[in-house]
């Protein structure tokens with residue numbers, strides 16, 4: 001019975017991740033002329049590496065969410081992960097649709113704050129969930145650093 005609960009949790013989490021990924025792909029247009037003209041860091045991830053890291057982040061988010069779903073923890077960590085996903089879409093919309101790097105950096109700072117709260121809230125109650133969410137946090141730190149660099153140099 002436990003494996004079925006885990007699978008239901010995983011399917012539910014993957015559904016949410018797919019919605020966020022679909023919305024993200026709608027706004028994410030790195031080949032736009034405006035974005036190509038920005039000054040970017042030398043060590044910035046290329047398009048393929050970015051896509052691979054996004055997929056990995058989505059998978060780890062789904063694992064963390066499914067762990068919370070199976071344990072029936074629909075409290076603050078769950079809400080924080082959902083909110084971080086929505087704010088991530090807002091981050092992409094700010095940068096690629098509104099062409100406002102600074103607003104994107106603010107949205108991503110809010111995502112980082114929520115990531116920290118997720119890890120702190122789950123670290124002692126569900127350490128496996130915190131471990132699953134750690135790579136997502138690292139990816140968001142990288143994105144925040146590159147976004148701040150772009151905002152400061154353009």
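The values are calculated or read from the model by the stated rules, or taken from the named source; none is laboratory data. Values in this document were obtained by computation on a predicted structure and should not be read as measured data. Cβ coordinates were reconstructed from backbone atoms using ideal geometry, including for glycine residues, and neighbour counts include every protein chain displayed.
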Return yes or no: is residue 50 in a helix (DSSP H, G or I), over 18 Å from residue 113 (Cα atoms) and either modelled with pLDDT of 85 or more or more than 17 Å from the chain's Cα centre (by Cα) (or both)? yes
Out of 21, 84, 13, which single residue is modelled with pLDDT of 85 or more and assigned to a helix (DSSP H, G or I)? 84
Quick one: how many residues across the range 11-24 are free of Cβ contacts under 8 Å to residues at least 40 places away in the same chain and under 14 Å from the mean Cα position of the chain (by Cα)? 4
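For residues that are in a loop (DSSP other than H, G, I, E, B) and touching a helix residue (DSSP H, G or I) at 6+ places or on another chain (Cβ under 7 Å), scanning just the range 113-154, find the one that is surrounded by the most Cβ atoms within 10 Å (Cβ to Cβ).
The initial filter retains those residues of the range 113-154 that are in a loop (DSSP other than H, G, I, E, B), namely 124-126, 154.
The next check asks that each one be touching a helix residue (DSSP H, G or I) at 6+ places or on another chain (Cβ under 7 Å); those that pass are 126, 154.
Values: 126: 19, 154: 11.
It comes out as 126.
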Can you pull out the residues in the range 25-40 that are assigned to a loop (DSSP other than H, G, I, E, B) and free of Cβ contacts under 8 Å to residues at least 60 places away in the same chain? 31, 37
Which number in (1) more than 17 Å from the chain's Cα centre (by Cα); (2) in contact (Cβ under 8 Å) with a residue 12 or more places away in the chain; (3) on the phi < 0 side of the Ramachandran plot marks the one condition that residue 99 misses? (3)
When you scan the range 41-85, how many residues do you find that are surrounded by 14 or more Cβ atoms within 10 Å (Cβ to Cβ), over 24 Å from residue 12 (Cβ atoms) and either touching a residue at least 40 places away in the same chain (Cβ under 8 Å) or touching a helix residue (DSSP H, G or I) at 6+ places or on another chain (Cβ under 8 Å) (or both)? 1
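What number of residues within the range 28-40 are at pLDDT 80 or above and either touching a helix residue (DSSP H, G or I) at 6+ places or on another chain (Cβ under 8 Å) or over 15 Å from residue 96 (Cα atoms) (or both)?
Matching residues across the range 28-40 total 4.
Output yes when any residue across the range 101-112 is under 21 Å from residue 15 (Cα atoms), in a helix (DSSP H, G or I) and out of contact with any strand residue (DSSP E or B) (no Cβ under 8 Å at 6 or more places or on another chain), and no when none is. If you could, list the steps in order and put the result at the bottom.
Residues of the range 101-112 under 21 Å from residue 15 (Cα atoms): 111.
Of the ones still in play, those that are also in a helix (DSSP H, G or I) are 111.
Next, from what is left, pick out any that are out of contact with any strand residue (DSSP E or B) (no Cβ under 8 Å at 6 or more places or on another chain): 111.
For the range 101-112, residues under 21 Å from residue 15 (Cα atoms), in a helix (DSSP H, G or I) and out of contact with any strand residue (DSSP E or B) (no Cβ under 8 Å at 6 or more places or on another chain): present.
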